[in-house]
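Enquirer: This structure is in structure tokens; I'll ask about it shortly.
The values are calculated or read from the model by the stated rules, or taken from the named source; none is laboratory data. Note that this is a predicted model, so its numbers are computed, not measured. Glycine gets a Cβ as well: all are built from the backbone with ideal geometry, and neighbour counts include every protein chain shown.
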């Protein structure tokens with residue numbers, strides 16, 4: 001009986017494992033990773049922007065507001081947006 | 001003591017002429033060529049006329065009063081101009097040396113030339129084409145709007161389980177993009193997304209509610225009934241890009257990355273090349289839809305794409321070849337590609353930013 005009690009007292013380890021999908025596809029930045037504001041040159045619309053590690057397709061810049069989402073490389077970003 | 005075999009390694013054994021291949025079957029279910037079909041061109045660069053809505057009286061009607069005319073008076077005259085487009089393929093390739101000594105060592109057990117020919121031709125070539133097309137389709141630069149539209153509610157695991165206005169609602173997001181594309185003159189016929197996004201889409205509460213409808217009993221959401229729910233809006237194909245590629249260094253632990261990212265869902269009109277159709281309002285051969293995967297092959301004089309690549313073809317297209325390099329007593333297996341995903345009409349693509357997390 002003493003042996004059984006010892007076995008039952010083992011604490012099951014708690015660990016966290018990242019989902020496979022997150023590990024296999026770099027996600028776009030989450031909202032608190034956007035560090036600055038910019039304006040779209042064509043119409044002055046305001047976006048938040050983030051600079052991050054390259055995604056699956058080599059894109060390093062993301063701009064986003066409540067309705068629209070843009071992602072591309074630095075040269076495209078400089079052409080389309082003005083930092084505030 | 002009994003008679004026994006000392007170890008399995010030194011005992012009698014059968015040598016199997018079979019190979020264990022990791023990743024076997026991994027290049028099935030590619031979707032790129034369904035969105036941008038292969039399109040052979042006869043020179044490295046091709047040029048074609050482009051007939052735009054703006055400049056060729058596209059989608060016009062003549063109900064205005066100015067088109068009314070009295071007998072014997074002049075007709076109202078329209079004007080038009082022909083634009084042009086150019087596609088220029090990129091030539092890329094890789095090769096591997098198989099020493100004859102190694103081939104002979106493996107003779108009758110493993111045909112290394114056949115293995116690498118198939119790996120280059122089916123796997124590397126297929127995955128490269130798929131990547132280039134995914135990179136082209138999941139690219140806001142290739143949309144008419146120049147940006148993607150955020151999903152009304154982000155596709156997070158938490159939002160999947162909420163029904164109603166606070167939950168993610170892919171069907172409504174897709175319908176909104178279909179309406180948008182129709183409003184800019186194109187009739188979308190496909191929806192494309194990654195495997196993980198599809199898993200979230202098909203299990204979310206709002207999709208379940210929409211696909212089941214009111215009168216249908218409990219059913220799981222699969223590609224058939226999801227597509228059925230979108231058929232009313234002209235969607236004919238639901239394409240799930242669910243393949244991976246290895247971006248680790250040679251010999252390192254494989255690092256498999258999705259070819260189709262979770263960032264977007266694409267709604268658009270598939271590329272197609274065909275003959276003219278009176279039904280569609282045009283009677284010239286058209287390169288319609290979003291675009292094609294052009295590749296350079298079948299050289300011949302003249303401007304008509306060649307379907308016969310025999311007599312006058314040369315190595316410019318997508319191919320695998322082997323050649324002997326006798327100074328090192330080896331055979332070389334080479335893959336050559338010239339794929340170019342060519343976007344002919346960016347009005348045929350709209351992207352939904354899933355905000356998948």
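Condition check ((1) surrounded by 11 or more Cβ atoms within 10 Å (Cβ to Cβ); (2) at pLDDT below 90; (3) touching a strand residue (DSSP E or B) at 6+ places or on another chain (Cβ under 9 Å)) across all residues:
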| site | (1), (2), (3) |
| --- | --- |
| B:52 | yes, no, yes |
| B:64 | no, no, no |
| B:71 | no, no, no |
| B:75 | no, no, no |
| B:82 | no, no, yes |
| B:87 | yes, no, yes |
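Enquirer: Would you be able to say whether some residue in the range B:233-247 is modelled with pLDDT under 65 and either assigned to a strand (DSSP E or B) or in contact with a helix residue (DSSP H, G or I) (Cβ under 6 Å, 6 or more places away or on another chain) (or both)? Before you say what the answer is, go through the steps one by one.
Expert: Of all residues in the range B:233-247, those modelled with pLDDT under 65 come to none.
No, the conditions are met nowhere in the range B:233-247.
Enquirer: Given B:252, B:187, B:266, B:229, which one is surrounded by 16 or more Cβ atoms within 10 Å (Cβ to Cβ), away from chain A (no Cβ under 14 Å) and either under 19 Å from the mean Cα position of the chain (by Cα) or at pLDDT below 95 (or both)? Lay out the reasoning, then the answer.
Expert: On the way: B:252 fails: surrounded by 16 or more Cβ atoms within 10 Å (Cβ to Cβ); B:187 fails: surrounded by 16 or more Cβ atoms within 10 Å (Cβ to Cβ); B:266 fails: away from chain A (no Cβ under 14 Å).
Every option except B:229 fails the conditions.
Enquirer: Going by what's in this entry, would residue A:84 be described as more than 8 Å from every other protein chain (Cβ to nearest Cβ), touching a strand residue (DSSP E or B) at 6+ places or on another chain (Cβ under 9 Å) and at pLDDT 95 or above?
Expert: No.
Enquirer: Name every residue in the range A:50-76 that is under 15 Å from residue A:35 (Cα atoms) and more than 10 Å from every other protein chain (Cβ to nearest Cβ), in order of residue number.
Expert: A:50, A:51, A:52, A:53, A:60, A:61 - these are the residues of the range A:50-76 that are under 15 Å from residue A:35 (Cα atoms) and more than 10 Å from every other protein chain (Cβ to nearest Cβ).
Enquirer: Working only within the range B:129-174, note down all residues that are within 14 Å of chain A (Cβ to nearest Cβ), assigned to a helix (DSSP H, G or I) and surrounded by fewer than 18 Cβ atoms within 10 Å (Cβ to Cβ).
Expert: B:141, B:157, B:158
Enquirer: Considering every residue within the range A:15-36, establish whether at least one is within 9 Å of chain B (Cβ to nearest Cβ), exposed (fewer than 10 other Cβ atoms within 10 Å of the Cβ) and more than 22 Å from residue B:199 (Cβ to Cβ).
Expert: no
Enquirer: Moving on. Determine if the range B:57-69 includes at least one residue that is under 29 Å from the mean Cα position of the chain (by Cα), part of a loop (DSSP other than H, G, I, E, B) and more than 24 Å from residue B:135 (Cα to Cα). Step through it out loud before you land on a result.
Expert: Residues of the range B:57-69 under 29 Å from the mean Cα position of the chain (by Cα): B:58-59.
Filter again for part of a loop (DSSP other than H, G, I, E, B), leaving B:58-59.
Cutting the leftovers down to more than 24 Å from residue B:135 (Cα to Cα) gives us B:58-59.
Yes, the conditions are met somewhere in the range B:57-69.
Enquirer: Scan the range A:37-55 residue by residue and report those that are surrounded by 15 or more Cβ atoms within 10 Å (Cβ to Cβ) and part of a loop (DSSP other than H, G, I, E, B).
Expert: If the condition is that a residue be surrounded by 15 or more Cβ atoms within 10 Å (Cβ to Cβ) and part of a loop (DSSP other than H, G, I, E, B), then A:45, A:52, A:55 are the ones that fit.
Enquirer: Could you check residue B:350 against (1) in contact with a strand residue (DSSP E or B) (Cβ under 6 Å, 6 or more places away or on another chain); (2) farther than 30 Å from residue B:191 by Cβ; (3) modelled with pLDDT of 90 or more and say which number it fails?
Expert: Residue B:350 satisfies all of (1) in contact with a strand residue (DSSP E or B) (Cβ under 6 Å, 6 or more places away or on another chain); (2) farther than 30 Å from residue B:191 by Cβ; (3) modelled with pLDDT of 90 or more except (2).
Enquirer: Under 27 Å from the mean Cα position of the chain (by Cα), away from chain A (no Cβ under 14 Å) and more than 18 Å from residue B:290 (Cβ to Cβ): does that describe residue B:95? Before the answer, list the steps.
Expert: Numbers: under 27 Å from the mean Cα position of the chain (by Cα): yes; away from chain A (no Cβ under 14 Å): yes; more than 18 Å from residue B:290 (Cβ to Cβ): yes.
So residue B:95 fits the description; yes.
Enquirer: With (1) without any contact (Cβ under 8 Å) to a residue 60 or more places away in the chain; (2) within 13 Å of chain A (Cβ to nearest Cβ); (3) surrounded by 18 or more Cβ atoms within 10 Å (Cβ to Cβ) as the list, and residue B:112 as the residue in question, which single condition is left unmet?
Expert: Every condition holds for residue B:112 apart from (2).
Enquirer: Return a yes/no flag: does the range A:18-27 have any residue that is at pLDDT 90 or above and closer than 18 Å to residue B:140 by Cα.
Expert: Taking the range A:18-27 as the starting set, the residues that turn out to be at pLDDT 90 or above are none.
No; the residues of the range A:18-27 include none that is at pLDDT 90 or above and closer than 18 Å to residue B:140 by Cα.
Enquirer: If you don't mind, another one. Hey, can you tell me all the residues within the range B:53-92 that are under 21 Å from residue B:283 (Cβ atoms) and in contact (Cβ under 8 Å) with a residue 40 or more places away in the chain? Even if it seems obvious, please write down each step before you answer.
Expert: From the range B:53-92, those under 21 Å from residue B:283 (Cβ atoms) are B:53-62, B:78-85; that's our starting set.
Selection gives B:53, B:58, B:59, B:85.
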